[in-house]
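*Asks:* Take a look at this one; I'll ask things after.
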């Protein structure tokens, strides 16, 4: 039997039109969207299907939408009899992973995503910041460049995604200077991310503190299956610890490379990226998952059908 990990994507994986096939006649998904719309006072269906893209990027709207779409496809997998052995999510994707692990209900995951997005948007509104993917440059070289810029707190490592794929976060103009250094020294490539703020850096400390206070009284259950968290890159089981770590993550680096190492060491041989985009599938390959590991994108119902076909053929062999 395969050992399956569900990976849930975060902000930056979105696109106008995501989840289109779920909007047609999926009552479960429709309920999550309706809840998100009530909480945000926004027509999330129209925003998701038609944009505009700039408004879609606002965390207050995007976070419940991303969680709803991810959990919509997770529900389709469950109806098809496909269950995970371990779950994890990238940044916002951790909220989807909480629901998939039974820590919170799917409806409460939407509520958490709305509050998380609201607080992050507010923190981003009082600073001029963004994020930059840095390709073919390792963590040590990135940290050396940050030190060279001598701007503590103004630019920081946000994601350690893979051996040669990291993300920096900070002031927009300083990120341009950083990208110029990478280009002029021919170290690698930089690509701006489609996000609306400098996530996972000190600029998000106010959001982290407010989120930590808000979530303190929320009902969290012990995970029903292994849950790997970004802040440590390890499996976590205690609800109090989980609350602390998903709060800490708002203003500290996403240790995705460590998460991938943990999943590998657990013997996972099938990775399903459940939700919009293909970012995490690419990061799986960048973390040297290949050969005996199968990677699937469940970002539409065709992807689910393809996985079921491939799984059926593998079972027959």
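*Asks:* So what's segment 129-192 giving for Cα Rg divided by 2.2 N^0.38 Å, two decimals?
*Replies:* That works out to 0.94 for segment 129-192.
*Asks:* Express the relative contact order of the chain as a whole percentage, based on alpha carbon pairs under 8 Å and six or more residues apart in sequence.
*Replies:* Contact order relative to length: 23 percent.
*Asks:* Also: Multiply the residue separation of residue 128 and residue 288 by 0.36 nm, subtract the distance between their alpha-carbon atoms, and state the gained length in nm to one decimal.
*Replies:* Gain in length upon complete extension: 54.1 nm.
*Asks:* Now, a different point. As a test of the formula, what do you get for the chain when each DSSP H run with n ≥ 4 contributes -39,500 (n - 2.57) and the sum is divided by the residue count, at 222 nm and rounded to the nearest 500 deg cm²/dmol?
*Replies:* -15000 deg cm²/dmol
*Asks:* Same structure, new question: Between segment 204-244 and segment 121-171, what's the alpha-carbon centroid distance in Å?
*Replies:* Measuring centre to centre over Cα atoms gives 24 Å.
*Asks:* While we're here: Gaussian network model of the chain, Cα springs within a sub-10 Å range: biggest mean-square fluctuation belongs to which of 231, 251, 78?
*Replies:* 78
*Asks:* Over segment 129-192, calculate the relative contact order: mean separation of alpha carbon pairs under 8 Å at least 6 apart, over the residue count, as a percent.
*Replies:* 46 percent.
*Asks:* If a/c stays under 1.5 just call it rounded; otherwise compare a/b with b/c (prolate if a/b is bigger, oblate if not). Do that for segment 193-284, with a ≥ b ≥ c from the square roots of the Cα gyration tensor eigenvalues.
*Replies:* Note, shape of segment 193-284 comes out oblate.
*Asks:* Go from 0 up to the bin containing the longest alpha carbon distance in segment 9-138, width 10 Å each, and give me the % of pairs per bin.
*Replies:* All Cα pairs, binned at 10 Å, distribute as 12, 44, 32, 11, 1 percent.
Any read-out appearing in this document is the output of simple, stated calculations on the displayed coordinates, not a laboratory observation. Since the structure is predicted, the reported quantities are computational estimates derived from the model, not experimental observations.
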